[in-house]
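The values are calculated or read from the model by the stated rules, or taken from the named source; none is laboratory data. Please read all numbers here as calculations on a predicted model, not as lab measurements. Cβ atoms come from the backbone with ideal geometry, glycine included; neighbour counts cover every protein chain shown. Each accessible area value is taken on the protein alone, full model and side chains, heavy atoms only, with ligands, DNA and RNA left out. Shrake-Rupley method; radii C 1.70, N 1.55, O 1.52, S 1.80 Å.
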Amino acid sequence: MITFGTITGGTPYAGTTYANIFALECLLQDTDGSAVYQMTGTVANPSWSTIGAGAAGATGYTGYTGPTGYTGFTGYTGPAGATGYTGYTGPTGYTGPAGATSATGATGPTGPTG
């Protein structure tokens, strides 16, 4: 029968399925240092109580932050577009016919004789 041993990850196995494995005064220590368990049941029906628990370890430092990644290059600017053609100039307008000649005016009266 086991009288002292180690376990990993939590409360040891308990219940009649594990009869005759653990001694009446068995102690088990969790390998991560979180607790020590004492058998409080019977050899035929083991159960466990925590009799000590270790303090949680210090939190490690924050890891190194890597450098900022590479900024890509500016994309290619295409050539300027073509200038469109000058629009069509229409034909010169039609010059109309010459106007009618007016009639000669009447002759005025003869002036006084001096």
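Descriptive notes on the structure:
- Of the chymotrypsin sites (Phe, Trp or Tyr not before Pro) found in segment 25-114, the ones in coil according to DSSP and having at most 13 other Cβ atoms within 10 Å of their Cβ are Tyr61, Tyr64, Tyr70, Phe73, Tyr76, Tyr85, Tyr88, Tyr94.
- Our summary gives the chain a relative contact order of 17 percent, counting only alpha carbon pairs under 8 angstrom and 6 or more residues apart.
- Gaussian network model of the chain, Cα within-10 Å springs - most flexible of Pro12, Pro46, Pro79: Pro79
- Surface accessible to a 1.4 Å probe, per residue, for the residues of segment 56-95, Å²: 111 Å²
- Options [x] 2.28; [y] 0.93; [z] 0.97 - which one matches Rg/Rh (Cα atoms, Kirkwood Rh) as calculated here: [x]
- Segment 1-76, accessible surface, carbon-and-sulfur percent (1.4 angstrom probe): 56 percent
- Counting only DSSP beta bridges with both residues in the chain, the antiparallel share comes to about 60 percent.
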